[in-house]
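Each value in this text was obtained by applying a stated rule to the coordinates, not by laboratory testing. All figures in this text were calculated on a predicted structure; none of them were measured in a lab. Here Cβ is always computed from backbone atoms with ideal geometry, including for glycine, and neighbour counts include all displayed protein chains.
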12 protein chains.
Amino acid sequence: MSEHVYKSIELTGSSKKGVEEAIQSAIKKASETVRNLRWFQVTDTRGYIEKGKVAYWQVTVKIGFTLED
Amino acid sequence: MSEHVYKSIELTGSSKKGVEEAIQSAIKKASETVRNLRWFQVTDTRGYIEKGKVAYWQVTVKIGFTLED
Amino acid sequence: MSEHVYKSIELTGSSKKGVEEAIQSAIKKASETVRNLRWFQVTDTRGYIEKGKVAYWQVTVKIGFTLED
Amino acid sequence: MSEHVYKSIELTGSSKKGVEEAIQSAIKKASETVRNLRWFQVTDTRGYIEKGKVAYWQVTVKIGFTLED
Amino acid sequence: MSEHVYKSIELTGSSKKGVEEAIQSAIKKASETVRNLRWFQVTDTRGYIEKGKVAYWQVTVKIGFTLED
Amino acid sequence: MSEHVYKSIELTGSSKKGVEEAIQSAIKKASETVRNLRWFQVTDTRGYIEKGKVAYWQVTVKIGFTLED
Amino acid sequence: MSEHVYKSIELTGSSKKGVEEAIQSAIKKASETVRNLRWFQVTDTRGYIEKGKVAYWQVTVKIGFTLED
Amino acid sequence: MSEHVYKSIELTGSSKKGVEEAIQSAIKKASETVRNLRWFQVTDTRGYIEKGKVAYWQVTVKIGFTLED
Amino acid sequence: MSEHVYKSIELTGSSKKGVEEAIQSAIKKASETVRNLRWFQVTDTRGYIEKGKVAYWQVTVKIGFTLED
Amino acid sequence: MSEHVYKSIELTGSSKKGVEEAIQSAIKKASETVRNLRWFQVTDTRGYIEKGKVAYWQVTVKIGFTLED
Amino acid sequence: MSEHVYKSIELTGSSKKGVEEAIQSAIKKASETVRNLRWFQVTDTRGYIEKGKVAYWQVTVKIGFTLED
Amino acid sequence: MSEHVYKSIELTGSSKKGVEEAIQSAIKKASETVRNLRWFQVTDTRGYIEKGKVAYWQVTVKIGFTLED
């Protein structure tokens, strides 16, 4: 909430279970290489179908983080 | 479904658990002061990140209700 | 992923339980009459409210399938 | 308003008279082959011009109907 | 056109007759409780279908009014 | 429908009566100075309110015409 | 250009060669089962990448056709 | 940043001086009757012209505030 | 606010100083050849960067004017 | 890239051959009457179908040019 | 199509020849530094004009790739 | 303006003073680690409110730069 500069990147997380786990997988992956993650925004919710059911949920998120001084 | 007039307002609900609970929290709050709530539409799904996980889910909904005669 | 042609249709699934079950209900219905379903994309998330709670979740999805040769 | 699944299709109705008659013509045509029409949404309003006047109104609507069990 | 502040609200009017009467019904309802209504903008045109005809026209409008000093 | 080039301009027509007359007024005005008008598309529907009623309907249209060889 | 009713469907064509061939493949496929195709509109242009090159172009088009009386 | 519920309203501020003062005027007006204002988002920037210059800047903002428990 | 017809054109103004001066430059240029300018709406805000600073601000505006009778 | 003012107009070019030739035809036509054309942006790609093939490609472009001092 | 996480970046490719070569140039450039490129989506098609012809085609694409475990 | 490939990234700059300084802060930060910055485009203008005034302006910009050969 101060005079920082933020950068946002776009990732797509996947999950066999559901929307929220797909989002968590994207954020977890981002946290492996980027520090200071702050917020996310969902921009697309999709998935792949097999045998009349959702096989994979795929959720695209913008993830914002603080650029360090 | 008759010749009523509807009004819609925009609220953002928060939850530590997930998308649906965040929506339910916004609707519950609206129902404390507004009668005749009828429908909602999700307009934005966001959240805050702490320690590589979603700390708060924040879902913005338009909520429609009937204006009484 | 080959030189197929895909068609997409738009369905709205309903559920008393939540977003994912509403999507699954739309896909299950589509699979009763259409073969080779491949993917879906969420285009709208709505619902009806009764007594200050979500009574029905209604999620609209585009569903894509391969047109057979 | 129950746990039905809805499908929506996109039609464009035409009329020499005006917007509402163009919409009615699209809905009437759809009702010849599809049962259980429930709602429509206008997505585009266009028309053709001849001699400085609107010759044809053309209104595109999404039309939703219940898929029977 | 002076240094006023305007507020806008979103209402949906209904009518059995047509688009314009649905808009008028929303504006009339708003004028019962809000003063200084100034303008409107159509944001959605929908309706319900019964027996192959439009049973109700439903038009959503943003309505702007001057906040008094 | 041949290899012509078309140009489109944006006009806003006004009317005390309704949406269609506002569109007709814009097209009539365009036809005073431009030849070969072919089609229009509605891009915005607004209006001004006085005494709880619509005083003026204002409809913005893109109007397309053939550029002569 | 008369008082017909048009329906539009959404197809995605694929091609190893380029955008226009992908569109042509979708239209050719549609023409196998639907008569009176009249127009198309591109709504999405995508593709798959292999070895640093476009392996498949995939173009999504809305295709409109006249509903016969 | 906790499990609060937020509401957002839409105001248009005016100013003879510029964009930022128009936004400040909307926020100041909102603060006269609403507590706990938290954020704003610009949704439209317009203005009126007189004698070849901007006479009034008009900026529309969504303003969010916490609903108290 | 009467039954006039308005036309809108799209210009992009440039300035080394800032957003508002870029808008003023577009309006000033338009006023050299068009009479009865009434309003503008910002549709895009861009700029060119040199040496880590904004070298030129470029703001695109729709400018509306009354067509004379 | 200097403090010029730019104007943009919207044209639709047609071609029997493809997308790029349709764009070139619009630009060539514009250059017959307007000087200092600088850039274009595609805003719509459509076409007419005859006998299961694209008969005409129609591409709409915004074309920008410098207003001379 | 498994539980991978994908990242997407936005590049603009240029070409004197046409749309497809501009896209290929962006993908080729990306492949020099990023592995596992999977798909692209066109988000903007523009170009620069010289002497009444397209001098450069510029196509902006989102390019998605798999983040390695 | 040549056959370069450009990449764009999305940053959010903050400022206590205003919109333009927030944009400059994002560009300055980007220039610390990226060479050949060329242009920016504003995609979102927001801010935080304290005591009935804007406490922080936050402007999100896409920033484009040339990828070196």
Using only Cα atoms and rounding to the nearest 10 degrees, what angle (0 to 90) does helix D:19-33 make with the longest principal axis of chain D?
40 degrees
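Counting pairs of alpha carbon atoms under 8 Å apart in space and at least six apart in sequence, what relative contact order in percent does segment B:1-60 give?
On the way: 77 pairs, mean separation 23.5, N = 60.
So the answer I get is 39 percent.
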Between G:17, G:29, G:51, which gets the highest mean-square fluctuation from a Gaussian network model of chain G, Cα cutoff 10 Å?
G:51
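Which of E:16/E:53; G:51/K:7; E:16/F:53; B:16/E:7; A:28/A:51 have a Cα-Cα distance over 21 Å?
Check vs 21 Å cut-off fails for B:16/E:7; A:28/A:51.
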Spacing of the two label points (7 Å from each Cα toward its C-beta) at residue B:51 and residue H:44, in nm:
4.6 nm
With residue K:51 itself left out, Lys, Arg at +1 and Asp, Glu at -1 over residues whose Cβ is under 14 Å from its Cβ give +3
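Once the other residues with Cβ under 11 Å from the Cβ of residue F:14 are scored (Lys, Arg +1; Asp, Glu -1), what is the net sum? List each step's numbers first, then the result.
Numbers: positive: F:16, F:17, F:29, F:46; negative: F:21, I:3.
Residues near residue F:14 contribute +2 overall.
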Give, as a single signed number, the net charge of other residues whose beta carbon lies under 12 Å from the beta carbon of residue C:3, with Lys and Arg counted +1 and Asp and Glu -1.
+2
From DSSP H assignment alone, runs of 4+ in the protein assembly as shown each adding -39500 (n - 2.57), the sum over residues rounded to the nearest 500 puts [θ] at 222 nm at -7000 deg cm²/dmol
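Shielding of K:15-26 by partners, i.e. mean partner chain Cβ atoms within 10 Å per residue?
Working: counts 1, 2, 2, 7, 9, 9, 2, 2, 6, 4, 3, 4.
Per-residue shielding by partner chains comes out at 4.
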Inter-label distance for residue F:33 and residue L:32, nm, one decimal - labels placed 7 Å from Cα along Cα-to-Cβ
5.3 nm
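Per residue of F:56-69, count partner chain C-beta atoms within 10 Å of its C-beta, then hand back the mean as an integer.
Values: counts 5, 4, 8, 2, 3, 3, 2, 2, 7, 1, 1, 7, 0, 2.
So the per-residue partner count for this stretch is 3.
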